[in-house]
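Please read the structure below before turning to the comments.
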Amino acid sequence: MLLHSFIPNRRLLLAVLAGIAAVAIKFLLNSGQLLPGVDGPYYWVQVRSLLSGNGLAFDDLPLVFWMQALISYLVGNIELGVRISDAVLPALSALPIYALLKTTRQQWIPAFAILVVLLHPVQLFFFTGDFIKNAAAIPVLFFIGLLLFKWDQKPRRAWVVLLMMIVVGFSHYGTFITCLLMVSFWAIFYLRTKPLRFWIIASAGGAVFASLTLLVLTFLIPARLERLFEFVTHPSRVFEGPYWQLMFFLGNDTSIIFTMFIGQAASVTLGYILFRNRSKIENSKLSLVASSLTTAFILSSPLVGIEWASRFIALSFAPLLLASIVMVATLEVRSVMKSGVILGALVLASTIFLAPMGAKASAVSEAEYRDLQQASSQFVFPKNSIVIARHGLEYLVAWTMKTHVVQEETVLIEDLSSYDSVFLLTTDAPVNGYIYGEHGKVDFEKDLMPTSGSKSGSNGELVYSKGKVSITKIR
């Protein structure tokens with residue numbers, strides 16, 4: 001009794017402790033000298049550019065970078081600021097999760113759900129340090145879910161849902177598409193019994209909103225919008241090279257494969273339970289669960305092409321767990337509670353099983369990074385230069401050497417015409433030079449020795465070589 005007097009809300013305390021534990025685990029995963037994965041330094045470069053007053057160094061959706069810049073300014077360190085955002089921003093999902101589950105009979109359920117969402121293997125071993133924007137935008141999906149959950153009680157919240165959609169639209173495209181699917185399916189399910197007038201108004205409002213959002217994004221970040229237009233105008237390309245044909249040859253994508261199987265199986269299972277209990281749940285909540293399960297099933301499909309699959313499958317866990325949370329919060333049925341606990345236990349068990357593997361390896365080794373830092377103090381690129389480097393290395397070059405960069409795998413000759421000097425930086429053995437291959441694409445696999453029959457490129461001049469870093473002047 002004495003202990004109970006010091007803990008007036010045990011449910012809230014457990015939820016707070018669960019959130020703190022999840023944030024601490026994230027910090028452990030991203031606390032190395034280099035962030036896990038390929039794109040970590042990309043965030044450092046973007047934030048440094050913002051804090052320097054130059055806008056974003058690379059065209060992208062800006063909201064997450066603005067938040068990272070604010071955090072970095074407050075703590076006085078860009079690298080630390082990005083790490084804090086990586087750990088803290090995804091944990092904001094705990095707020096709507098707790099709000100959804102705060103009236104459940106068992107006090108441990110909100111904390112358990114928070115752990116399941118924040119410690120999902122995709123959150124820890126796929127997103128950490130690499131897909132920071134993806135993870136940072138996911139809490140918005142849960143906030144939208146909370147708004148739709150309460151729609152029948154407070155139906156005049158359409159403007160708040162639209163505001164949330166704008167927020168996620170300026171954060172991450174994949175999460176925006178996920179939320180758009182969920183809200184669209186929710187509207188279809190919710191309005192299924194409404195008169196035609198409601199359908200016309202809802203369709204018109206949705207069309208206006210989508211058009212305005214795309215128009216604003218077109219002016220702000222035209223380069224990033226190209227992929228979204230490609231997705232909309234050529235939807236068949238989404239299914240080119242389906243994931244199921246390649247998933248067993250993708251190395252360490254174990255967390256994605258797990259999420260795909262769970263997404264397909266759990267969506268069908270929970271859908272069946274929902275259908276059996278549909279008369280026990282009010283319309284807005286029924287529509288939310290149905291739309292979330294439909295979205296999760298589509299995103300986790302193994303039929304999606306490899307270019308989109310891993311990101312879509314990774315995001316599918318969020319609407320799936322939202323559906324499970326809403327069912328537990330709404331239906332006092334043993335099968336619902338049992339299925340929710342089993343799903344959560346499977347997620348946490350997979351996280352524990354994958355824990356020895358840790359987060360993804362960084363794009364470069366720490367030895368390469370030290371040599372790159374040394375090169376930055378000994379070699380200075382001339383003004384109006386651009387450096388070509390392999391993916392994962394290019395952003396680290398931009399971060400340490402403060403120069404323009406382009407990815408080796410995608411560069412074309414015409415991309416480089418506006419620069420006075422072009423360099424190639426590698427962390428492999430020194431090379432003599434390179435040639436431009438067919439269709440203007442740089443052929444970096446062939447060593448060009450001085451010959452009179454070379455193609456339209458020129459012999460490279462090795463200008464720096466120390467340790468693991470080599471810099472070759474191509475032009």
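Before moving on, here are some points about what is shown:
- Extreme residue, surrounded by the fewest Cβ atoms within 10 Å (Cβ to Cβ), among residues of the range 248-289 that are modelled with pLDDT under 65 and hydrophobic (A, V, I, L, M, F, W, C): 249
- For the condition surrounded by 17 or more Cβ atoms within 10 Å (Cβ to Cβ), touching a His at 6+ places or on another chain (Cβ under 7 Å) and under 30 Å from residue 401 (Cα atoms), residue 38 qualifies.
- Per-region count, the range 12-52, residues more than 17 Å from residue 81 (Cα to Cα) and modelled with pLDDT under 90: 2
- Taking first residues from the range 185-201 that are within 16 Å of residue 151 (Cα to Cα) and in a helix (DSSP H, G or I) and partners that are modelled with pLDDT under 75 and of a type in the set (A, V, I, L, M), the Cβ contacts under 8 Å between residues at least 6 apart in sequence or on separate chains come to 187/202.
- The combined condition, being in a helix (DSSP H, G or I), more than 27 Å from residue 168 (Cα to Cα) and free of Cβ contacts under 8 Å to residues at least 60 places away in the same chain, is not fulfilled by residue 293.
- Test set (1) without any contact (Cβ under 8 Å) to a residue 24 or more places away in the chain; (2) over 30 Å from residue 426 (Cα atoms); (3) buried (at least 21 other Cβ atoms within 10 Å of the Cβ) - residue 394 fails condition number: (2)
- Criterion: out of contact with any Cys (no Cβ under 9 Å at 6 or more places or on another chain), on the phi < 0 side of the Ramachandran plot and not assigned by TED's automatic domain parsing to the domain that holds residue 147 - qualifying residue of 347, 333, 328, 387: 387
- Single residue of the range 57-77 satisfying the filter (surrounded by fewer than 17 Cβ atoms within 10 Å (Cβ to Cβ) and not polar (S, T, N, Q)) that is nearest to residue 399 (Cα to Cα): 58
- Residues (touching a helix residue (DSSP H, G or I) at 6+ places or on another chain (Cβ under 7 Å) and under 22 Å from residue 323 (Cα atoms)) located in the range 185-206: 185, 186, 187, 189, 190, 191
Conditions tested, residue by residue: (1) modelled with pLDDT under 80; (2) touching a Gly at 6+ places or on another chain (Cβ under 9 Å).
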residue: 374; (1), (2): no, yes
residue: 379; (1), (2): no, no
residue: 420; (1), (2): no, no
residue: 429; (1), (2): yes, no
residue: 440; (1), (2): yes, no
residue: 443; (1), (2): yes, yes
residue: 447; (1), (2): yes, yes
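- Within the range 60-72, residues that are farther than 18 Å from residue 139 by Cβ reach partners that are assigned to a helix (DSSP H, G or I) with beta carbons closer than 6 Å, at six or more positions or on different chains, in the pairs 60/224; 69/47; 69/50; 69/51; 72/47; 72/78; 72/81.
- Considering residues of the range 343-386 that are free of Cβ contacts under 8 Å to residues at least 40 places away in the same chain, more than 30 Å from residue 322 (Cα to Cα) and of a type in the set (A, V, I, L, M) only, the residue surrounded by the most Cβ atoms within 10 Å (Cβ to Cβ): 386
- When the criteria are applied in full, residue 99 meets the requirement of being of a type in the set (A, V, I, L, M) and at pLDDT 90 or above.
- Residue 50 falls short on exactly one of the conditions (1) more than 18 Å from the chain's Cα centre (by Cα); (2) crowded, with 22+ Cβ neighbours inside 10 Å; (3) of a type in the set (A, V, I, L, M, F, W, C), and that condition is (2).
The values are calculated or read from the model by the stated rules, or taken from the named source; none is laboratory data. Predicted, not measured: the structure shown is a model, and the values here were computed from it. Reconstructed Cβ throughout: ideal geometry from the backbone, glycine too, with neighbour counts over all protein chains shown.
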